[in-house]
Structure formats: structure tokens, C-alpha cells
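The values are calculated or read from the model by the stated rules, or taken from the named source; none is laboratory data. Computed from a prediction, not measured in an experiment: that's the story for all the values here. Counting neighbours? That spans all protein chains shown, and the Cβs are built from the backbone with ideal geometry, glycine included. Ligands, DNA and RNA are stripped out before the accessible areas are found, and what is left, the full protein with its side chains, is counted by its heavy atoms. Shrake-Rupley method; radii C 1.70, N 1.55, O 1.52, S 1.80 Å.
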Amino acid sequence: MLAHSPNLKTEFGGDKTHPSVTSKAKRLIDLVGSLVGLAITAVLFIPIAISIQIDNPGPIFYSQARCGLNGQTFRIWKFRSMVTNAEQLKHLVTNEAKGNIFKNRKDPRITRVGRFLRRTSLDELPQFWNVFKGEMSLVGTRPPTLDEVSQYEQHHFQRLRVKPGITGEWQANGRSKVEDFEEIVQMDIAYQKKWSVMYDLHLIIKTIQSVLVKDGAY
């Protein structure tokens, strides 16, 4: 849980729990989807692992602490798409986004294989393990880093009232085109208001279509 927060109930919108958090149907979809995703991950693991090692020797996976539902921390997993010392080089890269999010279209820390993994979203396959464990959902908000959350203003915490997702409102609508954090917050809050199981399925289908045509990833 976030250590800097003096009043979590106030910051995350009081005692009211968002209905998506307790939805059994959503959790069932998450379980089924994560098992399918993990099966795909197992099939692709060896070629991806070999490609990563040939291109830039080092760990196959990348893990980082993120903030999830109501600010609870967890470790997110991805296939490594950057050089091994990427965090130490971050201060040398210009942030092209506005607000509490870091983005650079031509980030020099991304490896050749990493660019392919990101373009096809294959780098995110290990996150199905996070979904299976219940730390994430197939659909939700982008899981922020602890540094990002430490700079949040009051209204930003509303986006943490639902589980973070592999995809979501802004991912399904072309994530590379959205570079203003306030716009992301508004999209996340809009998702919470529009949420239903059918809407989740709609975003999942839309995300698959976006991945297949490589729209919005970089």
C-alpha cells in the first residue's frame, strides 16, 4: 500500500467499491482469458527468449513495482524490451508526454527485438500471470509506477478505484496517440462510468483488432 498517503479512503473515492472489483463474471473472464494467454505465452516463450538473448544478452523478463487497486503495490511482468541498464539511463531520455507519464517514441533504450515485441504487444504476454493471480484484469487502467503516483493530485487517484488492466479505454483507442496524462485520467474515469461486462468484451475485441493492424503501439 502506498506509504505516502495519509488518507487512502479519501483519495480513492471513499468506502464505495467499484462494481467491477466484485463482479464474478469479470473475474471468470479474467481467469479464462489469462489461461489462454499463458498458453500462448508458453508456446512463444522459447523463440522470444532466444531472440532477446541474441539481440541483448540479459534477463528474459522485466519486473517493476506498480500501483494497482486502491494503491496496492504489486510486481508487473513483461518480456524485456530495453537494454539491461534502462532505468539508469532514463534521465538521459526526453519525456515527450505531458504530466505523470513517461513516453518517448524513439526511446534509444529499446532494443531491436524490443521494438518488434512492443509493436506486436508480445512484450505484455507475461502480464497474463498478473491477471491470473488477481493483481490485474484483462481490462482496466494502465498500472502506474510508484514514482508517478507520488506526484498525483487528488483527482488522479480516482483511476485506481479499479484493477489495472492489460488493456483499457486508452489502449484500445490508440495509446501512442494519447500523450497527455490528464486525457488518460479522463478516459479511465469514463471507463469506470461506462463499465459493464459487455463493455469489457467490446474493449478486448477492439484491442485485438488494434494489435492485428499494429495501430497505436510503438
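Brief remarks on what is shown
- The single condition among (1) more than 17 Å from Gly68 (Cβ to Cβ); (2) open to solvent by 20 Å² or more (accessible area, probe 1.4 Å) that Trp195 does not satisfy is (1).
Table: residues versus (1) of a type outside the set (D, E, K, R); (2) open to solvent by 80 Å² or more (accessible area, probe 1.4 Å); (3) outside any helix (DSSP H, G or I); (4) closer than 22 Å to Ile189 by Cα.
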{"residue": "Leu38", "(1), (2), (3), (4)": "yes, no, no, no"}
{"residue": "Pro59", "(1), (2), (3), (4)": "yes, no, yes, no"}
{"residue": "Lys78", "(1), (2), (3), (4)": "no, no, yes, no"}
{"residue": "Asn95", "(1), (2), (3), (4)": "yes, no, yes, no"}
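- Here Gln186, Gln154, Gln158, Gln209 are screened, and the one residue that is of a type in the set (S, T, N, Q) and closer than 21 Å to Glu135 by Cα is Gln158.
- When region 153-182 is filtered for residues that are modelled with pLDDT under 90, open to solvent by 10 Å² or more (accessible area, probe 1.4 Å) and in a helix (DSSP H, G or I), the ones remaining, listed by number, are Glu169, Trp170, Gln171, Arg175, Ser176, Lys177.
- Some residue of region 110-117 being open to solvent by 30 Å² or more (accessible area, probe 1.4 Å), within 30 Å of Ala190 (Cβ to Cβ), without any contact (Cβ under 8 Å) to a residue 60 or more places away in the chain and out of contact with any Gly (no Cβ under 9 Å at 6 or more places or on another chain): no
- The listed residue being among the aromatic types (Phe, Trp, Tyr) and over 26 Å from Asp30 (Cα atoms), out of Phe102, Phe157, Phe128: Phe102
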